[in-house]
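The values are calculated or read from the model by the stated rules, or taken from the named source; none is laboratory data. Since this is a predicted model, take the numbers as computed values, not measurements. Because the Cβ atoms are built from the backbone with ideal geometry, glycine has one as well, and the counts that use them run over all protein chains shown.
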Amino acid sequence: MGIKIALLFGVLVSLFVGIVCVVWPERVQEYALRWSSQGIGKVNPFFDWMKTRSYILTLRIIGVMAIGAVILLLFIIIKESKK
């Protein structure tokens, strides 16, 4: 039972991250830039890249891949449960 709850939690988190990265990549970029401009984030080697449009494109690609992984995992779970 515990493994099913952990799996469900992981799937829901992945789905949430995927949706956020696809729908609101600009907000994710703002949050990441705000966090990286303080504290230890100042030594972030990707800070300049995070300011570009390619970072937003990368966030969208990550979001699509996360949603795709969730769909694939749900397909496998449903297919295995029918056996």
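Does V11 satisfy being part of a helix (DSSP H, G or I) and in contact (Cβ under 8 Å) with a residue 60 or more places away in the chain? Yes, satisfied. Is it fair to say V17 is touching a residue at least 40 places away in the same chain (Cβ under 8 Å), closer than 14 Å to Y55 by Cα and not charged (D, E, K, R)? Taking the combined requirement at face value, the residue does not satisfy it. For the range 27-40, a residue qualifies if it is over 18 Å from L15 (Cα atoms) and either of a type in the set (F, W, Y) or loosely packed, with under 14 Cβ neighbours inside 10 Å (or both), and the qualifying residues are E30, Y31, R34, W35, S37, Q38, G39, I40.
Are any of the residues in the range 52-64 among the basic types (K, R) and in contact (Cβ under 8 Å) with a residue 12 or more places away in the chain? Show your work before the answer.
Within the range 52-64, the subset among the basic types (K, R) is 53, 60.
Still in the running and in contact (Cβ under 8 Å) with a residue 12 or more places away in the chain: 60.
Taking every residue of the range 52-64 in turn, at least one turns out to be among the basic types (K, R) and in contact (Cβ under 8 Å) with a residue 12 or more places away in the chain.
Within the range 56-83, the residues that satisfy the criterion of being of a type outside the set (A, V, I, L, M) and at pLDDT below 95 are F75, K79, E80, S81, K82, K83.
Within the range 41-64, is there a residue that is farther than 21 Å from I3 by Cβ, of a type in the set (S, T, Y), surrounded by 15 or more Cβ atoms within 10 Å (Cβ to Cβ) and under 15 Å from the mean Cα position of the chain (by Cα)?
Yes, because at least one residue in the range 41-64 is farther than 21 Å from I3 by Cβ, of a type in the set (S, T, Y), surrounded by 15 or more Cβ atoms within 10 Å (Cβ to Cβ) and under 15 Å from the mean Cα position of the chain (by Cα).
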